[in-house]
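Novice: Below you'll find the structure I mean.
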Amino acid sequence: MSELAGLKILVTRPTGQSQGLMDQLTTLGAKPIHFAAVEIVEPRDIASFKAVVADLPGYDWAIFISPNAVTHAFNLMQGFGREWPTKLRMAAIGRGSARELKRLGFTDILVPEGRFDSESLLSMDPFQDADSLRVIIFRGEGGRELLGDTLKARGAFVQYAECYRRAAPSADVSGLLRAWARNGLDAVIVTSVEGLHHLYDALGQVGRQWLTKTPLVVVGTRLRDACLALGLKGPLVVATGADDEALIAALLAWRADKNLL
């Protein structure tokens, strides 16, 4: 029997970024359902992004926070003819971001091992002594400040290049509510704090009651804490990263160890 046979699992990734995960869940016997809890759109201020990347050759490191950061940064740069400097080194928070960079033809990419988060990247040798380093961080609007603040404290010059933003979903939630009411859901996968809040708001009072009782697979302690702040105190499964492999591994390990699904 497949490891996740018959389990109904809600995937809340944006449209266009969920199919790989859903395919893997299906292979493991699950019955994935997709509802985009967040939409990825252009940043409000493209002119600011363009100004920031105008001096790309002047940086020592470029750090990509997410696959979205890779995709949208290069799409925007291509739009106004910005070439990538050959000597600018790259780092990626997780395997998904590294994969996107490799898809674009880059090979020399620094990626943390084990946990895929800012703390893990900061623990790596190139960023221990950051005095006089010039670092550009590609991210979405309003991203987490820990990475940049820590590098600044270590002596680096840090600039953010905000190349996308997360918006509330425009999809109708009624179909999801009907599915939840008829058959229930065995687990919900959430990969961002914004997505969690958008899902929570969209579900309404009745849907939130179901969400509270449903196991949540989340990424990292920050998202876990956001769940607790909303009163979602049901089973919380914390994955080491937001990539498909980490999410599947967390789900499988939790089911095997706890036998709660």
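Bear in mind these aren't lab numbers, they're just calculated from the coordinates by the rules spelled out. All figures in this text were calculated on a predicted structure; none of them were measured in a lab. Cβ sites come from the backbone with ideal geometry, for glycine too, and all protein chains shown count toward neighbours.
Novice: Within the chain, which is the longest segment that contains none of the chymotrypsin sites (Phe, Trp or Tyr not before Pro) sitting in a DSSP loop with at most 16 other Cβ atoms within 10 Å?
Specialist: Details: sites that count: Phe80, Phe106.
In the chain, the maximal stretch lacking such sites is 107-261.
Novice: Cut-off 12 Å, label point 7 angstrom out along Cα-to-Cβ of Lys102: give me the residues of the stretch 3-47 whose amide nitrogen falls inside.
Specialist: The answer is none.
Novice: GluC sites (Glu not before Pro), restricted to the stretch 46-127: which are DSSP loop and have at most 11 other Cβ atoms within 10 Å?
Specialist: Those that pass, being in a loop and sparsely packed, are Glu83, Glu113.
Novice: How far apart, in nm, are two points set 7 Å out from the Cα along the Cα-to-Cβ line at Ala249 and at Glu42?
Specialist: 3.8
Novice: Calculated from DSSP H runs of 4 or more alone, at -39500 (n - 2.57) each and per residue, what is the 222 nm mean residue ellipticity of the chain, nearest 500? Mind showing how you got there, number by number?
Specialist: Working: 10 runs with 108 residues, N = 261.
That comes out to -12500 deg cm²/dmol.
Novice: Please report the antiparallel percentage of DSSP beta bridges with both residues in the chain, rounded to the nearest 5.
Specialist: The answer is about 10 percent antiparallel.
Novice: Around Arg154, under 9 Å between beta carbons, what's the net of Lys plus Arg minus Asp minus Glu among the other residues?
Specialist: Computed value for this residue: -1.
Novice: Only one of the listed values, (1) 14.3; (2) 12.7; (3) 16.4, was derived from the coordinates as mean projected area of the Cα convex hull in nm²; which label is it?
Specialist: Only one listed value fits the structure, namely (1).
Novice: Taking H placed 1.01 Å from N in the peptide plane, check which residues at least 5 places from Val237 or on another chain put their amide H under 5 Å from its amide H.
Specialist: Leu216, Val217, Val218
Novice: Could you tell me which of rounded, prolate or oblate describes the stretch 41-166, using a ≥ b ≥ c as the square roots of the eigenvalues of the alpha-carbon gyration tensor, with rounded for a/c under 1.5 and, failing that, prolate when a/b is larger than b/c and oblate otherwise?
Specialist: rounded
Novice: Mind listing the long-range amide H neighbours of Tyr164? Cut-off is under 5 Å, sequence gap 5 or more, other chains count too, H placed in the peptide plane at 1.01 Å from N.
Specialist: Those lying under 5 Å, H to H, from Tyr164 are Glu141.
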